[in-house]
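See below for the structure under consideration.
Where a number appears in this text, it was derived from the coordinates with a stated rule and is not lab data. Computed from a predicted structure; not experimentally measured. Using ideal geometry, Cβ is built from the backbone for each residue, glycine included, and neighbour counts are taken over all protein chains shown.
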Amino acid sequence: MKLTPPQIDQLYTFTRQHYVEYFDLQTELVDHLANSIEEQWAENPKQSFEEALQMEFKKFGIFGFMDVVEQRKKAMNKKYSKLVWLHFKSFFRLPQILGTLLSILLVFQLLKSITISHEVVAILTFMILISFWVGLIRMNRKRKKTVKEEGKKWLLKDIIYGYSSLAGMSYLPFQIFLQFEIHHSNLITLFFMSFFMVSMVIIEYIMFFVIPSKASEYLKQTYPEYELAW
C-alpha cells in the first residue's frame, strides 16, 4: 500500500512542526518516513497512518529530528568551506596568481613605505573586517528576500546567502595583527601582513560575488530536486 498525496503533504507538515525548516531536509525525511511507513503497512496493513508515523518518529530518539538537522548542517557547512577553498586556491594558480602576487607586493610596498604603527595596522585590518561584516549583512538581507519570494528554504542556499563557517575566522587576522609591533626592519612580518590582508579580500570576493553568482549551479548539483522545484 502506497501513501496518498495528502498523506505526503501531511508528512511535510509533520517535519515542519518538528522544527525542520529547510525544504531539502524535509524532503529527505519525508522520503525516509514514507518508505518506513509503507514497509510497516506491508507487514501490518491494518495499521493506521498516524500509528505508523509515530512509531517511526520514535526511532529518532528524544531529540526527534534535531540530530539529523545538525548532521546535515555540518555536512553543508563543510561543503561550502570546500567551495570557498577551491576558489581560493585558484587565485594561486596561473593566470590568477600573477594578480594575487602583484596585489601582495603592492600592499607590502605600501606598508613598507609609510610610517606605520601598531594602531595603523589595527585600523587597516579593522576596515577589512567591517567590509566583511557589511557584506554578510547584505547577503543575509538578500537571503531573506529570496526565501520570502520563493517560499522555500534550502540549507546550502542559506549558507551561501548569509551563513558561513568561515565567518568566525574573520576575527583571526585581526587578533594576530594586534599582537605584533611593526617595524620597517621586520620585512617578514610586513610580508605576512600583506599576504593575510590580500587573502581576506580574496575570501570576501569569493563569498560575496563568486559563489553567489554560481549558486544555482551548486544547488542543482547538490539537490536534483531543486531544478524541478522552480
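Here are the numbers:
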{"read-out": "Added length on full extension, which subtracts the Cα-Cα distance from 0.36 nm per residue, MET1 to MET55", "value": "17.7 nm"}
{"read-out": "Pairs from LYS59/LYS144; LYS112/LYS214; LYS46/LYS73; LYS2/LYS145; LYS79/LYS145 whose Cα-Cα separation, in the structure shown, is over 32 Å", "value": "LYS59/LYS144; LYS112/LYS214; LYS46/LYS73; LYS2/LYS145"}
{"read-out": "Diffusion coefficient, µm² s⁻¹, Stokes-Einstein with Kirkwood Rh over alpha-carbon pairs of region 1-76 at 20 °C and 1.002 mPa s", "value": "168 µm²/s"}
{"read-out": "Volume of the Cα convex hull of region 58-163, divided per residue and given in Å³", "value": "159 Å³"}
{"read-out": "Under Karplus coefficients 6.51, -1.76 and 1.60, residue-wise ³J(HN,Hα) of region 136-149 in Hz, glycine/proline x", "value": "4, 5, 4, 5, 5, 5, 5, 4, 4, 5, 5, 4, 5, 6"}
{"read-out": "Rg(Cα) / (2.2 N^0.38 Å) computed for region 40-87, rounded to two decimals", "value": "1.85"}
{"read-out": "Leading residue at positive end of dipole, region 22-83 (Cβ point charges), from ALA34, GLN47, MET66", "value": "MET66"}
{"read-out": "At most 12 other Cβ within 10 Å, DSSP loop - GluC sites (Glu not before Pro), region 58-163", "value": "none"}
{"read-out": "Separation in nanometres of the label points that stand 7 Å from Cα toward Cβ, at ILE97 and PHE63", "value": "4.4 nm"}
{"read-out": "Radius of gyration, Dmax [region 1-132; alpha carbons; angstrom]", "value": "26.5, 83"}
{"read-out": "For TYR161, residues with placed amide H under 5 Å, excluding near neighbours", "value": "none"}
